[in-house]
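*Asks:* To start, I am sharing the structure in question, which I have written as structure tokens.
The values are calculated or read from the model by the stated rules, or taken from the named source; none is laboratory data. Computed from a predicted structure; not experimentally measured. No Cβ is skipped: glycine too gets one built from the backbone with ideal geometry, and neighbour counts run over all protein chains shown.
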Amino acid sequence: MSFKSKVKDLTPPFLLRKIIGLFYGWHGSYQSWEEASQLCSGYNSEMILEKVKSATLNVKQGRFPFERDSVNFSEILYSYPLLAAILWVATQKENKVNILDFGGSLGSSFYQNKLFLESLRDFNWCIVEQHHFVDLGKAQFAEKKLHYFYTIEECLQTYPINLLILSSVLQYLEDPFRILEEIFRSNVEYILIDRTTFVPEGKDKLTLQKVPKKIYKAKYPCWFFNENKFVNFFLPGYDLIYEFEVDEHINIPSKMKGFLFRKKKQLQ
């Protein structure tokens, strides 16, 4: 075990949150997205795109096995609940699956799970992202099973999507519930939420997230959703299949969680 891991294990959670918060993490409480945005540099930064491009190329070309948020790792950090959802859906579709990864960067989750995907009879991994990410994805990363689209509608017109993944993306949208309503209208059968931030009670909380400088210098508005409100937003049209917690430290009282939803049978 590394020294860093020992310190992490021996440090009480409340103290660890405070230590993290001194250098990076989530801070403040804001009344509107506009107010928070004025203090931020956003995802449209060309510097961020270049860092993500470089890290993803390292994975594509075999120099590293995994990338997340422009950082390369020496081992793959699996989200096993996400992987379980993909394979479970595929077994119900004759080992075929078409996935829409909304906000999927240049393919972090695609490369993360590629080994298991290649065991299926057929699959397509479709990413919907910001315009400049899609331009780059189409030019340098698209391949037989990896595709890039500018909108959800464009993707759905090309592939019959079985599973839609929202991993660490909803909390960074100005109006996440409007996007969810658009997704609901698409009648996608399965929706997987992963790495999403929640508060146990009270109204949704809007904060600023400060990214560690070793990744890149940036601040973003970030939502912490009321968990009950969030889940209830799905329940008129979807059943909750399972939920799970994500083991990532956050410096304010909250949880990072995920959920798998399936469209109600009578509404399909």
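*Asks:* Of these, ASN98, ASN113, which one is touching a residue at least 12 places away in the same chain (Cβ under 8 Å), closer than 19 Å to SER167 by Cβ and assigned to a strand (DSSP E or B)?
*Replies:* On inspection, the qualifying residue turns out to be ASN98.
*Asks:* Every residue in the stretch 257-268 that is more than 11 Å from GLU227 (Cβ to Cβ) and at pLDDT 95 or above, please.
*Replies:* Within the stretch 257-268, the subset more than 11 Å from GLU227 (Cβ to Cβ) is 258, 260-268.
If the condition is that a residue be more than 11 Å from GLU227 (Cβ to Cβ) and at pLDDT 95 or above, then GLY258, LEU260, PHE261, ARG262, LYS263, LYS264 are the ones that fit.
*Asks:* May I pose another question? Does GLY137 count as out of contact with any His (no Cβ under 6 Å at 6 or more places or on another chain) and either surrounded by fewer than 22 Cβ atoms within 10 Å (Cβ to Cβ) or more than 19 Å from PHE66 (Cα to Cα) (or both)? Working first, answer last.
*Replies:* On the way: out of contact with any His (no Cβ under 6 Å at 6 or more places or on another chain): yes; either surrounded by fewer than 22 Cβ atoms within 10 Å (Cβ to Cβ) or more than 19 Å from PHE66 (Cα to Cα) (or both): no.
Considered against the rule, which asks whether it is out of contact with any His (no Cβ under 6 Å at 6 or more places or on another chain) and either surrounded by fewer than 22 Cβ atoms within 10 Å (Cβ to Cβ) or more than 19 Å from PHE66 (Cα to Cα) (or both), GLY137 comes out as no.
*Asks:* Another question, if that's okay. What pairs can you find where one residue is in the stretch 60-74 and on the phi > 0 side of the Ramachandran plot, the other is surrounded by fewer than 15 Cβ atoms within 10 Å (Cβ to Cβ) and of a type in the set (Gly, Ala, Ser), and their Cβ atoms are less than 8 Å apart, with a gap of 6+ or different chains?
*Replies:* Pairs that qualify, where the first residue is on the phi > 0 side of the Ramachandran plot and the partner is surrounded by fewer than 15 Cβ atoms within 10 Å (Cβ to Cβ) and of a type in the set (Gly, Ala, Ser), are SER70/SER54.
*Asks:* Scan (1) of a type outside the set (D, E, K, R); (2) in contact with a helix residue (DSSP H, G or I) (Cβ under 8 Å, 6 or more places away or on another chain); (3) closer than 26 Å to GLU50 by Cβ; (4) in a helix (DSSP H, G or I) for the single condition TRP125 breaks and write down its number.
*Replies:* Against the list (1) of a type outside the set (D, E, K, R); (2) in contact with a helix residue (DSSP H, G or I) (Cβ under 8 Å, 6 or more places away or on another chain); (3) closer than 26 Å to GLU50 by Cβ; (4) in a helix (DSSP H, G or I), TRP125 comes up short only on (4).
*Asks:* If you take just the strands (runs of 3 or more DSSP E) that sit entirely in the stretch 154-268, which of them hold at least 1 residues that are touching a helix residue (DSSP H, G or I) at 6+ places or on another chain (Cβ under 9 Å) and within 20 Å of VAL97 (Cα to Cα)?
*Replies:* Details: elements: 163-167, 190-199, 205-210, 219-226, 238-245, 255-263.
Strands (runs of 3 or more DSSP E) meeting the threshold: 163-167, 190-199, 238-245, 255-263.
*Asks:* How many residues does the stretch 253-268 hold that are among the hydrophobic types (A, V, I, L, M, F, W, C) and surrounded by fewer than 18 Cβ atoms within 10 Å (Cβ to Cβ)?
*Replies:* Of the residues in that region, 1 qualify.
*Asks:* A follow-up question, please. Output the residue which, of all residues in the stretch 33-50 that are aliphatic (A, V, I, L, M) and modelled with pLDDT under 90, is farthest from the chain's Cα centre (by Cα).
*Replies:* LEU39
*Asks:* For the subset of the stretch 81-98 comprising residues that are under 14 Å from the mean Cα position of the chain (by Cα) and within 15 Å of LEU115 (Cβ to Cβ), which member is surrounded by the fewest Cβ atoms within 10 Å (Cβ to Cβ)?
*Replies:* Here the residue is LEU83.
*Asks:* While we're on this one: Is there any pair with a first residue in the stretch 235-261 that is of a type in the set (D, E, K, R) and a second that is in a loop (DSSP other than H, G, I, E, B) and crowded, with 17+ Cβ neighbours inside 10 Å whose Cβ atoms are under 9 Å apart and which are 6 or more apart or on different chains, and what are they?
*Replies:* Short answer, once both residue conditions are applied: LYS255/VAL246; LYS257/VAL246.
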